Amino acid sequence: MLAENDSLTETDETLLERFQRGAFDYFMRWVNPENGLAADTSRDKSPSSIAVVGFALSCYPVAVERGWITRQAAVERTLATLDLFWNGLQSPDPDATGYKGFYYHFIDMEQGRRVWKCELSLVDTALLLAGVLVAATYFAGGDEKERTIRARADALYRRADWRWAMGGGSTLRQGWKPESGFLHYGWEGYNEATILYVLALASPDHAVPDDGYSAWTKTYQWENIYGYDVLYGGPLFMHQYSHAWIDFAGIRDEFMREKNCDYAENSRRATLIHREYARRNPHSFAGYGKDFWGLTANDGPGGASVVIDGRERSFFGYAARGVPYGPDDGTVAPWAALASLPFTPREAISALRHFCKCYPDSVRENMLPSSVNPTLAGQASYGPQGWVSEGYYGLDQGLVVMMIENYRSGLIWNLMKRNPYIRAGLQRAGFRGGWLAQEAFGS
């Protein structure tokens, strides 16, 4: 039997299977089986993140197809989850589960009620509903429970009032709080919100106007970085989240038609920019190189300044780190490199092998940590490999499962290609060509 970190002797397929299976274990260990709520992190007393629930719902079909759980077990978990959100209190009350068909970013693991006075989150609701639609498409059987999954999923999706979520503006808002109303900012610049607009445009009852999407794309920044023409988005997750559900290869909206590009190719270029940034290492952080890269939204060492080798370094807690304009404090997310697998498979696998070889103590139970910072090696209470994030984040592990599967079989992409709401939303956003020009198969 191979040792857990003995990655050098494994085939690519064996290596990917091991880490995909390890990532899925997050949802076997940190999900409440009674109601399907998935913890935001593995840390003690963590609340549920509704986005992580969306990833969990998307990962169950992968687990069934890979033989990790039975179909019946996946059905039971999925039904429990959908029931929690359907029956949860929809009200402007500050301790509800949600309002207007949207849900609070963080809810407690037992009752599903709002915690931390957090916002009613549009994008996190979109990630949740994307998982709901995966379940509706995958569980296509004729028995009562699978029929109930489809009916409940459809009702949950149709309940979201996307027009209300525009808050009287031309684009969707980012969130709402019962104490103060809509947050005073919307979406500007390219980011993970493509899936949000696709769902908002396809709604049979509460769709946003077509020009809401074009109003957002007008805020995009097209740049040339390290010789790559790219639609800029600093953190890697911006180039990954929507792609976990939608295969953008070969389909183009008006913006991408003008640039003779598509969003999958853009993600490939953005990934290579991250790798090149790490190779150049403009701030001389420890560890950076062609096989150690990936800045994204992740955990960090915490707010502090430390003098290292005569140079003062400042470190952040949880932050959206980005390339090439920052912020950057030497904290790298190894899972973000692996989640780039569909775009840059050779580079992603090479980065995974490098991490297993050089940071073996940070790989436990075949799960990659949220982040590591080798620049802090030997400082304070940190060991020879530097600072390592405590525990695991559900978003990280869920994305790893889905992106490895999309690379291996295209399962999630193929399910969503059959989903009528995804197809309708893309078409209303102006996407044309590629698989959208073909009749939906298996419908």
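May I ask you to list the residues in region 101-122 that are surrounded by 19 or more Cβ atoms within 10 Å (Cβ to Cβ) and assigned to a loop (DSSP other than H, G, I, E, B)?
Passing the criteria: G101, H105, M109, G112, E119.
Given (1) in contact with a Leu (Cβ under 8 Å, 6 or more places away or on another chain); (2) open to solvent by 10 Å² or more (accessible area, probe 1.4 Å); (3) of a type outside the set (G, A, S); (4) part of a loop (DSSP other than H, G, I, E, B), where does E179 come up short, assuming only one miss?
It is condition (1) that E179 fails.
Is it fair to say F19 is outside any loop (DSSP other than H, G, I, E, B), under 24 Å from L120 (Cα atoms), open to solvent by less than 40 Å² (accessible area, probe 1.4 Å) and modelled with pLDDT of 95 or more?
no
Quick one: in region 398-443, of everything that is charged (D, E, K, R) and open to solvent by less than 40 Å² (accessible area, probe 1.4 Å), which residue is farthest from A39 (Cα to Cα)?
Filtering region 398-443 for residues that are charged (D, E, K, R) and open to solvent by less than 40 Å² (accessible area, probe 1.4 Å), the one farthest from A39 (Cα to Cα) comes out as R423.
Out of all the residues in region 194-215, which are over 20 Å from the mean Cα position of the chain (by Cα) and either polar (S, T, N, Q) or not in a loop (DSSP other than H, G, I, E, B) (or both)?
Within region 194-215, L201, A202, S203, D210, D211, G212, Y213, S214, A215 qualify.
Any residue at all in region 265-282 that's modelled with pLDDT under 95, open to solvent by 30 Å² or more (accessible area, probe 1.4 Å) and of a type in the set (D, E)?
no
Could you check how many residues of region 309-325 are touching a residue at least 60 places away in the same chain (Cβ under 8 Å) and either of a type in the set (S, T, N, Q) or open to solvent by 20 Å² or more (accessible area, probe 1.4 Å) (or both)?
4
Can you tell me which residue among S340, S350, S370 is crowded, with 20+ Cβ neighbours inside 10 Å, within 20 Å of G22 (Cα to Cα) and touching an Asp or Glu at 6+ places or on another chain (Cβ under 6 Å)?
Selected residue: S370, the only one of S340, S350, S370 that is crowded, with 20+ Cβ neighbours inside 10 Å, within 20 Å of G22 (Cα to Cα) and touching an Asp or Glu at 6+ places or on another chain (Cβ under 6 Å).
Among the candidates Y382, Y393, Y288, which residue alone is under 20 Å from the mean Cα position of the chain (by Cα) and of a type in the set (S, T, Y)?
Y393
Any residue in region 32-40 that is assigned to a loop (DSSP other than H, G, I, E, B), open to solvent by 60 Å² or more (accessible area, probe 1.4 Å), among the charged types (D, E, K, R) and in contact with a strand residue (DSSP E or B) (Cβ under 9 Å, 6 or more places away or on another chain)?
Checked against the condition, which is being assigned to a loop (DSSP other than H, G, I, E, B), open to solvent by 60 Å² or more (accessible area, probe 1.4 Å), among the charged types (D, E, K, R) and in contact with a strand residue (DSSP E or B) (Cβ under 9 Å, 6 or more places away or on another chain), region 32-40 yields no hits at all.
Out of all the residues in region 365-389, which are in contact with a strand residue (DSSP E or B) (Cβ under 6 Å, 6 or more places away or on another chain) and within 14 Å of A333 (Cα to Cα)?
P369, S370, S371, V372, N373, P374, G386, W387, V388
Restricting to region 194-213, what's the tally of residues that are more than 18 Å from E254 (Cβ to Cβ) and surrounded by fewer than 22 Cβ atoms within 10 Å (Cβ to Cβ)?
Result for region 194-213: 5.
Cβ-Cβ below 8 Å, separation at least six or inter-chain, first residue in region 8-31 and farther than 15 Å from R364 by Cα and in contact (Cβ under 8 Å) with a residue 40 or more places away in the chain, second assigned to a helix (DSSP H, G or I) and polar (S, T, N, Q): which pairs?
Partner pairs satisfying both residue conditions: F27/Q397.
If N191 satisfies all but one of (1) open to solvent by 40 Å² or more (accessible area, probe 1.4 Å); (2) assigned to a loop (DSSP other than H, G, I, E, B), what's the number of the condition it fails?
With respect to (1) open to solvent by 40 Å² or more (accessible area, probe 1.4 Å); (2) assigned to a loop (DSSP other than H, G, I, E, B), N191 is out only on (1).
The values are calculated or read from the model by the stated rules, or taken from the named source; none is laboratory data. Note that the structure is predicted; figures quoted are calculated from it, not measured. Glycine gets a Cβ as well: all are built from the backbone with ideal geometry, and neighbour counts include every protein chain shown. Calculation scope for accessible area: heavy atoms of the full protein, side chains included, ligands and nucleic acids excluded. Shrake-Rupley method; radii C 1.70, N 1.55, O 1.52, S 1.80 Å.
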